[in-house]
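Every number here is computed from the coordinates shown, using simple stated rules; none is lab data. None of the values given here were measured: they were computed from a predicted structure. Here the Cβ positions follow ideal geometry from the backbone for every residue, glycine too, while neighbour counts run over all protein chains shown.
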Amino acid sequence: MMAHKLDMFSMRVRSYGNALAFSVRHDLAAKYGRLLLEVGNYVEDGANIMIEHEWMERVPQAADREALIKL
């Protein structure tokens, strides 16, 4: 789930970057730049959590359905 959330936030970073590139208003460009930094810091924190728990090195895996049935 963490990998999916980070992927969603990386898409948000990309959309803010596109908005920043195409914005002709300086006030909006400043807001997009601030939002870009805030979301970037959030993604960095998430990536550090994934590295700390060694989830970054593993491919996300599905739950074992057979083991879930036995519960």
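Can you give the charge dipole size of the chain about its Cα centre, rounded to the nearest 20 debye, using +1 on the beta carbon of Lys and Arg and -1 on the beta carbon of Asp and Glu? Write down the numbers at each step before the final one.
Numbers: 9 positive and 10 negative charges, 83 e Å.
Value, rounded to 20: 400 debye.
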Percentage, to the nearest whole number, of Cα pairs in the chain over 20 Å apart
48 percent
In segment 21-71, the GluC sites (Glu not before Pro) that fall in loop regions by DSSP, at most 16 other Cβ within 10 Å:
54, 57
Loop trypsin sites (Lys or Arg not before Pro), the chain, which have at most 16 other Cβ atoms in a 10 Å radius of their Cβ (DSSP):
25, 58
Can you tell which of 10, 51, 35 lies farthest toward the positive end of the dipole of the chain, using +1 and -1 charges on the Cβ of basic and acidic side chains (Lys, Arg; Asp, Glu)?
35
